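Only one structure is covered here, and it is reproduced in the block below.
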Amino acid sequence: MNMNTSTKILSLALAIILLAACKKDNKPTMIDVSLTTSSLPGTSGQTILLLSDEHRTTSDYVSSGTTDANGKISFNATPGKKYYIYNGNFDLVNPNSAYIITGKFTSQQQIDSSPVQTPAAQIGDNIEMDINGDGIVRQNEKVIPVTAPAKGNTVQVSATINSQIAQ
């Protein structure tokens, strides 16, 4: 083998290695949600909304979908971004379930002009978001916060539907 052929083979091998190293991983980042219940006949057909951190003070959502026959749904997500999983009809019971907090009450006037919270809000309390906009913060307006994993990975989120909290 002459020097020219060796150089071409080496150049081709290096090009292949560089191409493989630069190849983009097109696998999406996912949030997989699984719903279960003990008192409701099935978890299929539940609408799940995915809210994002930049929409914390509005009820705008990034994506929505309906759970399949097994109570599962998947969402594409942006790596590292914070999201909130919300059902609206039922309380999603999960160890991380919480209200979206939009600030703290600083005056009685602010409390009086805000959605009703239970127990009654006092100055210094958290302002809980009324996601459905009906003027009352209810148990079923708790969300499950989740941060999307690194690029190409999936995070699994499980929740149980509490059908006793139906609107």
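Worth pointing out:
- Scanning segment 38-52 for residues that are at pLDDT 65 or above and surrounded by 13 or more Cβ atoms within 10 Å (Cβ to Cβ) turns up Thr43, Ser44, Gln46, Thr47, Ile48, Leu49, Leu50, Leu51, Ser52.
- Entry remark, segment 132-160: residues being part of a strand (DSSP E or B) and closer than 17 Å to Glu54 by Cα number 5 in total.
- When Thr147 is tested against the conditions (1) touching a residue at least 60 places away in the same chain (Cβ under 8 Å); (2) within 17 Å of Asn94 (Cβ to Cβ); (3) buried (at least 16 other Cβ atoms within 10 Å of the Cβ), the lone failure is (3).
- Among the residues of segment 59-71, those identified as loosely packed, with under 15 Cβ neighbours inside 10 Å and assigned to a strand (DSSP E or B) are Ser64, Gly65, Thr66.
The values are calculated or read from the model by the stated rules, or taken from the named source; none is laboratory data. As the structure is a prediction and not an experimental result, all values here were calculated from the model. We place every Cβ from the backbone using ideal geometry, glycine too, and count neighbours over all the protein chains shown.
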